[in-house]
1. If r is the Cβ-Cβ distance from E74 to Q260 and R0 is 30 Å, what FRET efficiency results, to the nearest 0.05?
2. Which percent of Cα pairs goes in each bin when the distances of region 194-322 are cut into 10 angstrom slices starting at zero?
3. Taking the Cα centre of region 83-229 as the origin, how large is its charge dipole in debye, to the nearest 20, when only Lys and Arg (+1) and Asp and Glu (-1) carry charge on their Cβ atoms?
4. May I ask you to order 144-152, 287-295 by the average number of other C-beta atoms within 10 Å around their residues, highest value first?
5. Among P89, G45, V186, pick out the residue whose Cα is farthest towards the positive end of the charge dipole of the chain, where Lys and Arg carry +1 and Asp and Glu carry -1 on C-beta, about the Cα centre.
6. Over the chain, with a Gaussian network built from C-alpha contacts below 10 Å, which listed residue (I21, I72, I52) shows the highest mean-square fluctuation?
7. For region 248-296, restrict the atom set to alpha-carbon positions and state the Rg and Dmax in Å.
8. Where is the GNM fluctuation largest for the chain (alpha-carbon springs, 10 angstrom cutoff): I18, I31, I249?
Amino acid sequence: MRRLAPVLRQDGVDTDLISLIKTILAACKEISFRVGQGELAGVLGSTLDENIQGETQKKLDVLANELLKDMILETGIVKAISSEEEDLPVAGNPAGKYLVTFDPLDGSSNTDINSLIGTIFSILPAKAELAADDAAQFLQAGTKQLAAGYVLYGPSTMLALTTGKGTRLYTLDKTYGGFLLTHEEVAIPSVTAEFAINMSNQRHWEPAMQQYVQDLLLGKTGPRGKNFNMRWIAAMVGDVHRILCRGGIFMYPTDTKDPQKPYKLRLMYEANPMSFLVEQAGGSSTTGYARIMDIAPTDIHQRVSVILGSRHEVESCLKYHSQ
Ligand code: AFP
């Protein structure tokens, strides 16, 4: 099986970008090892701190964040990083070529139940005209991403990565410590019978989403004329990975549960990198009203509604939103 670097070189990826991706993966390998140790590493459970999102930080959140931040900034080719766990961006080399955004541990609520979690990352071009500590440099649409990926800490540790030339899957070979290409070119089936949504929010959704999901649940007896299956991992990395592997539609729509927080998923740290991976694999990703990768960000921690996956099923869902 082929190793990561030769595959990226064959795609014409810049050597500095390959080096940065390998550094991110080195941090993820350390996170994978700690996650795999579970209770034995004393890294489970919560800290006494809250992050900018108002969420209690898990010990693994902090560990993963510190590892990624330190290793990425030590490369000397990154101008700044922005993390879901950091209030503000952290400046690196003012002459750095790249910006990196990441969710160090997506699915934190799964850490203490030995369920799926992962690291999501996105690489953007640095803006020479802006200072290294200027948050505005991160406010670039998802279409500007140079690379995006996630590392899924599951029974095997897997990497999904795109640099704009398709989406590939790699599996960590824990004997030699490198990621080996295990899925050359991901192609999401355009049709699916599997949906993922947190049903407990049903009464808070917009009518369009309520009607769409209601028709999925009616299955053969309803307007869709076929039965659907449901999955919900409560970690976007796990749900998106399933969709890359076998298709499906994933939704975290706007809801009125907390008027202060109409959306859950973060644009820079979750929606944009996942949208890049999904679109490069032939799927689509929308807010229900606009392509996610076209959104011009206004805040590094802004949140959006997300509907992504099998192209034809996303289109079916959009029809309910356009009526
Ligand atoms: P945490 O990282 O705080 O667990 O949130 C994970 C997440 O952002 C995303 O990965 C999941 O799809 C979604 O939230 C799960 O949200 P619910 O807990 O409301 O199901």
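1. Details: r = 37 Å, r/R0 = 1.25.
The calculated FRET efficiency here is 0.20.
2. 13, 47, 35, 5, 0
3. Numbers: 10 positive and 16 negative charges, 142 e Å.
Taking the Cα centre of region 83-229 as origin, the dipole is about 680 debye.
4. Details: 144-152: 23.7, 287-295: 17.2.
Ranked from most to least packed, the peptides come out as 144-152, 287-295.
5. Most positive-ward Cα: V186.
6. Of I21, I72, I52, the Gaussian network model singles out I52 as fluctuating most.
7. 11.4, 34
8. Comparing I18, I31, I249 in a Gaussian network model of the chain, the most mobile one is I18.
The values are calculated or read from the model by the stated rules, or taken from the named source; none is laboratory data. These numbers were taken from a predicted model, which means no experiment stands behind them. As a convention, Cβ positions derive from the backbone with ideal geometry for all residues, glycine included, and neighbour counts pool all protein chains shown. Quick note on the areas: whole protein, heavy atoms, side chains included, nothing else; ligands and nucleic acids left out. Shrake-Rupley method; radii C 1.70, N 1.55, O 1.52, S 1.80 Å.
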